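Worksheet for the structure shown next.
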Amino acid sequence: MNARRIVSAALLAGALTPALVWAWPWSQDMMNQPSVKPQEGAPRPFPAHSVPVQGIPTPYNNREETKDLANPVPVSDASLHQGRTLFRIYCAACHGLTGQADTPVTEKIGAIPLNDDYVQKQLTEGWVFGTITFGSAIMPAYGAPQKREGQTGSNDLSVEERWHVVNYVKHGLAKEAAESAAQAQAQ
């Protein structure tokens, strides 16, 4: 009878071993779970307003090509407000809150004042857009240029947001500086 118990125990242990190893039927292997597998079925469309991980490329190859572009975003209070907000987030660290290039890092990196005659009268809106998109010697690129191997931009600003910043730089920044100077003289 002792041998019979040993055989029964061995059979029971042998029968339970797969259940213990694979935990069947209470769990499933990660590979065989109910999900969409890579390359399986038709691709699903991207959700509305989604942006590819690499960003939306700018259809221009360099700043020179953007020089003659016309700003598609009309100058309005809403555009100037949005441009001012974005300017303060992305540009003010180097160019200053008023565009005077009066920050502690300005001298170290050579940021130019944006409300002087050179920027306001000589540079086109397209050139300013191109500078924001492609960057310059020290300034980083805030767009995702199409043909820029190894030097992709940060794509922090969409094309429309860059045009709002251009509106603010060309139409709001100098005006705000003049208003601040007038208020300082009045006091």
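The values are calculated or read from the model by the stated rules, or taken from the named source; none is laboratory data. Quick caveat: nothing in here was measured; it's all calculated off a predicted structure. Positions of Cβ are generated from backbone atoms using ideal geometry, with glycine treated the same way; all protein chains shown enter the neighbour counts.
Select from segment 141-167 the residues that are at pLDDT 75 or above, not charged (D, E, K, R) and not in a helix (DSSP H, G or I) and list them in ascending order. If the condition is that a residue be at pLDDT 75 or above, not charged (D, E, K, R) and not in a helix (DSSP H, G or I), then A141, Y142, G143, L157, S158 are the ones that fit. Set side by side, the residues T58, T106, T98, T66 differ, and just one is surrounded by 15 or more Cβ atoms within 10 Å (Cβ to Cβ) and in contact with a strand residue (DSSP E or B) (Cβ under 7 Å, 6 or more places away or on another chain), which is T58.
Conditions tested, residue by residue: (1) at pLDDT 90 or above; (2) among the polar types (S, T, N, Q); (3) touching an Asp or Glu at 6+ places or on another chain (Cβ under 9 Å); (4) on the phi > 0 side of the Ramachandran plot.
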| position | (1), (2), (3), (4) |
| --- | --- |
| A15 | no, no, no, no |
| P25 | no, no, no, no |
| L80 | yes, no, no, no |
| T85 | yes, yes, no, no |
| K108 | no, no, no, no |
| A111 | no, no, no, no |
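When D102 is tested against (1) modelled with pLDDT of 85 or more; (2) under 26 Å from V159 (Cα atoms), only condition (2) is not met.
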